Amino acid sequence: GDSVTQTEGPVTVSESESLIINCTYSATSIAYPNLFWYVRYPGEGLQLLLKVITAGQKGSSRGFEATYNKETTSFHLQKASVQESDSAVYYCALAGSFNKLTFGAGTRLAVCP
Amino acid sequence: DTTVKQNPRYKLARVGKPVNLICSQTMNHDTMYWYQKKPNQAPKLLLFYYDKILNREADTFEKFQSSRPNNSFCSLYIGSAGLEYSAMYLCASSRGLGYEQYFGPGTRLTVL
């Protein structure tokens, strides 16, 4: 079946430092899945951070970026300079057949002031 | 409005008793999903409705039931709760297959 593996947390960085959360995927239900990063801020529900539906393309939102690399089956999340408000749990996910989402286990990010 | 609502937010249930969780959306989305999330694990799809057609995942087929009386509402039903059902249950909706899923805040179920 489909699977997603991402950086195991927690990840702790200082404010204004750069961040990368690794994500690799394996898709068996669909050849070119749509890829997503979801985020859950404290006390809130899951919300979409960014998505990319075409291999080779980059998605960006709120200063975060991720590039769909079908050669390495990766979709790493990066930010050049994190803020304390970025502290959250980040989930990498792919949409397989019937748009069913397969998530990674999540990466808890703590940004220290 | 891209809100998905879930009720209740917290649910306490006894082992062996039934549990019914409710999800609603007003976006006229034709697809609604239920996921189960346990601590330190990935959210796992349990089932989804595409319009009126229910699709249940093979490994949870007998454990969960669902109904969708109209386009806006979808329930998740557990006939006899066990300790292993303690988890966060997330509802999501999308306007169709291949479109973004919007998630509700979740219902935290604790089975004692």
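The values are calculated or read from the model by the stated rules, or taken from the named source; none is laboratory data. These figures come from a predicted structure and were not determined experimentally. Because the Cβ atoms are built from the backbone with ideal geometry, glycine has one as well, and the counts that use them run over all protein chains shown. Accessible surface areas use protein heavy atoms only, side chains included; no ligands, DNA or RNA. Shrake-Rupley method; radii C 1.70, N 1.55, O 1.52, S 1.80 Å.
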Qualifying residue in the stretch B:8-20 (condition: within 14 Å of chain A (Cβ to nearest Cβ) and not in a loop (DSSP other than H, G, I, E, B)): yes
Residue count for the stretch A:31-73, restricted to those that are open to solvent by 50 Å² or more (accessible area, probe 1.4 Å), within 12 Å of chain B (Cβ to nearest Cβ) and hydrophobic (A, V, I, L, M, F, W, C): 1
Filter result for B:Tyr10 (exposed (fewer than 12 other Cβ atoms within 10 Å of the Cβ) and under 14 Å from B:Gly104 (Cα atoms)): yes
Of all residues making up the stretch B:25-44, the number that are over 15 Å from A:Asn99 (Cβ atoms) and part of a loop (DSSP other than H, G, I, E, B): 8
Test result for A:Thr28, open to solvent by 50 Å² or more (accessible area, probe 1.4 Å), of a type in the set (Val, Ile, Thr), modelled with pLDDT under 95 and under 17 Å from B:Glu100 (Cα atoms): no
Boolean, B:Phe73 is closer than 20 Å to B:Pro8 by Cα, open to solvent by less than 40 Å² (accessible area, probe 1.4 Å) and touching a Ser or Thr at 6+ places or on another chain (Cβ under 7 Å): no
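Yes or no, residue by residue, for (1) under 11 Å from the mean Cα position of the chain (by Cα); (2) modelled with pLDDT of 95 or more; (3) of a type outside the set (D, E, K, R):
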{"residue": "B:Leu21", "(1), (2), (3)": "yes, yes, yes"}
{"residue": "B:Ser24", "(1), (2), (3)": "yes, yes, yes"}
{"residue": "B:Ala42", "(1), (2), (3)": "no, no, yes"}
{"residue": "B:Asp51", "(1), (2), (3)": "no, no, no"}
Failed criterion for B:Arg108 (all others in (1) open to solvent by less than 70 Å² (accessible area, probe 1.4 Å); (2) within 14 Å of another protein chain (Cβ to nearest Cβ) hold): (1)
The stretch A:74-99 - residue that is more than 10 Å from the chain's Cα centre (by Cα) and open to solvent by 50 Å² or more (accessible area, probe 1.4 Å) and, of those, nearest to B:Tyr49 (Cα to Cα): A:Phe98
Candidates B:Phe64, B:Phe103, B:Phe73, filtered to the one that is within 23 Å of A:Ser3 (Cα to Cα) and either among the charged types (D, E, K, R) or more than 14 Å from chain A (Cβ to nearest Cβ) (or both): B:Phe64
